[in-house]
Amino acid sequence: MSESATGYTKPLPVLEGFSKDFYAFCKQGELRFQRCKSCGAWRHMPREMCAECGSWEWEWAKSSGRGEVFTWTVVNRALHPAFRDSVPLAPVIVELEEGVRLLSEVQGCTPEELKIGMPVEVVFDEVTPEISLPKFRRCVR
Amino acid sequence: MKDQACIVGIGETKYLRGEGSGMTLLGLQLQAATRAIADAGLKNSQIDGIMPFPTLGTAEAFAANLGCVNLRFAVTIHMGGASPVASLESAALAVTSGAADYVLIPAGWNGYSSARARQTVSQDVSSLPGGTIARDYYLPYGLTAPPQWYSLMARRHMHEYGTKAEQLGAIALAMRKHAQLNPNAVMRGRAMTMDDYLASPMLADPYRLFDCCLETDGAAALVVTSVERARDLKKKPAYIMSVAAGQPYPADEFTNRKDIFRTGLTIAAPEAFARAGVTPKDVDFAQIYDCFTFEVLQQIEEVGFCKRGEGGAFVEGGRIELGGELPVNTHGGLLSEAHVLGMNHIVEAVRQLRGVAGERQVKDAEIGVVTGWGDFGDGSIAILRR
C-alpha cells in the first residue's frame, strides 16, 4: 500500500477477492454491484451466491449511480485515530435506484444540510493512486 | 426445558473508573466467579462447565485457577454483548442433559483502565463485527465504532416514527435515577436532568455523550444448575423459564437489511415467550442491554412491550422507572451502573427475583426479562421467574 507515499493515512479497503473487483471498477469510474444472472436480484455486500434464489451465477452489473440518502449520522468525536482531524464527518447510507445500499458520504454538503430522501449521484474520490472511493454529491431528481 | 434449570449463584466485583481495578483481566473475572460460586454454596472444584465471554478468557485458564478438575463443558457463544444471555440457553441445556452439573458463566473487563471499549477498533478483521466487510466498506468512510453504526439506525427510526431526542433522554434519565439507589453503580451520586442530557456533547448524531454506555472496570458471573441440584443449595433459585437467541439478517452487515429494525431479538422474543408460556404483559421488570439509549427503545419494541414505532411514547412519563409500568434496568444498566457486557443485567434480575434488591426492589417481582444485544444486532432474551 502506498499510504506513506501519498500521505493518505485513513483506513483503506484491502484489495482481495470481491473487494478487488469492486474497487477496480470504482477506479475506472464505474459503480458496479453483483446481480444474479438467474433471478436478476442486485446485491451488496458481495457474496458467493444469491441468497434470494441460490444461484451461483452472477455478473458485475453497472449501477446508475443515482439514489437517495437512506439515513445519516454526524460524527463529532472520532473514535479511530485516523479520523481525528477529519471531524465532523458524516457517514451516510445511500439507497441506489437498483435497491442496494452503500455506506458512503455526501461531498459538498454540510452536516446541517443532510436529509433523508435527498437525491444524490455517485462521484469517485481518488484517495490514492490505487483506490478511488465511491462518494456522492447532491443532484436533482 | 421450561423451569428445568436455574441460576443459583451470582457474583460481582466492584465497578470502577478512576484508577481502575488494579487486577488482570482474568483475575477480575475470577473474583466475580468465586463470589458467584460461594453465593451458590458450592466449591470451586464442583464447577464442571465454563462459558467464557468471547475473547476475554479461556475455559482452560478459568479451570486451572479454580481447580475444576472435572471440566466437561467448555463453550463460548460468539454474539458480542448478546453472549451472556444467550449462554444461559446452552448452560440450561447442558445441566438438564447431563453434559455438566454446574456451569459458570463469567464476563468482565478492564474497560476503563485498559484498552477502552471505544479503542477496540482496528484493521484487525478478527476483532471487527462484520470482519472484512467492515474493513473494506465501512472503515474507509470513518464508520468505525458502535455508536456510529447504531446512530444510523436511530436516525432512521426518528425519521419513520418521529422518535425524539427527549425520548432517548428519558431512557438515559431512568437508568441514572435507578443508579442513585445502587451502591455499586458508578454514577451513584451524580443525578442527571433532561437539561443535562440535552446539553451533553453530540458524539454521533443523534447520540449525545449521555446516550452512550459507560466504560468501566468490573466483572460479574453466575452459576447455572438443574432444578434437582438447586434444591440442595442455599439460595433461592431463579428459574429459567426460557431463553432464545437470534441473529439479524444479514448479521455480518447492517446497511442492506430490507427491514433495518428487524434484529436478532425480533426472532428470539416471540420464541422465548411461547416457550415460557407467558406474554410481555406478565413481566414485572426488564433488564435491557443498554449499550446506547436507542437500542433500549428498539428492544422494548421488538420484545413486544409495545408496537414498533411506539417505543418513544412508551419510555416517557416514568413508565420505565421504578414504580412505573415496566421498570427497566433497575441497577442503572450499562448507561449508569457499569458496562459489564450485560452480565450485570442478569445478576440484577436474579437479585430482583430473590427479593434482595434493597431500595430498588420491584415489589413482588415474580417474572423478569433480560436481553442481550451484540455486534450489528445479535439478540438474546431470557425469561426468568422466582
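Below are the figures for this structure:
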item: Between helix A:18-27 and chain A: long-axis angle, C-alpha atoms, 0 to 90°, nearest 10; result: 60
item: Shape call, the protein assembly as shown: gyration tensor on alpha carbons, a/c limit 1.5; result: prolate
item: Region A:12-138: C-alpha gyration tensor shape, a/c 1.5 cut-off, then a/b vs b/c; result: prolate
item: Label-point separation in nm, B:E325 to B:E60, each point 7 Å along Cα→Cβ; result: 5.2
item: Gyration tensor (alpha-carbon) shape descriptor, chain B, a/c threshold 1.5; result: rounded
item: Local electrostatic count, B:V227, Cβ distance below 14 Å [Lys/Arg +1, Asp/Glu -1]; result: +3
item: Computed label-point distance, nm, for sites A:K37 and A:A24 using a 7 Å Cα→Cβ extension; result: 1.6
item: Inter-probe distance in nm under a simple model that places probes 7 Å from Cα toward Cβ, at B:E19 and B:S97; result: 4.7
item: Stretchable slack from B:D259 to B:T193, in nm (0.36 nm times residue separation minus alpha-carbon distance); result: 20.3 nm
item: Whole-Hz couplings from phi, Karplus 6.51/-1.76/1.60, listed for region B:50-66; x for Gly and Pro; result: 9, 10, x, 6, x, 6, 9, x, 10, 4, 4, 5, 4, 4, 5, 7, 7
item: Using a Förster distance of 51 Å, the FRET efficiency for B:E166-B:S114 (Cβ separation, nearest 0.05); result: 0.90
item: Tilt relative to chain B, helix B:293-303 - C-alpha long axis, 0 to 90 degrees, to 10; result: 70
item: Listed peptides A:87-95, B:240-248, B:36-44 by packing density, highest first (mean Cβ within 10 Å); result: B:240-248, A:87-95, B:36-44
item: Extension gain, B:K236 back to B:V125 (0.36 nm per residue minus Cα-Cα distance, nm); result: 35.6 nm
item: Inter-chain shielding of B:131-138 (mean C-beta neighbours from other protein chains, 10 Å cut-off); result: 6
item: Taking B:T225, B:T266 and counting other C-beta atoms within 10 Å, the order from fewest to most; result: B:T266, B:T225
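Read-outs throughout are calculated quantities, based only on the coordinates presented, and are distinct from any laboratory measurement. Nothing here was measured: the structure is a model prediction, and the numbers come from that model. FYI the Cβ positions are ideal-geometry reconstructions off the backbone, even for glycines, and counts take in every protein chain you see.
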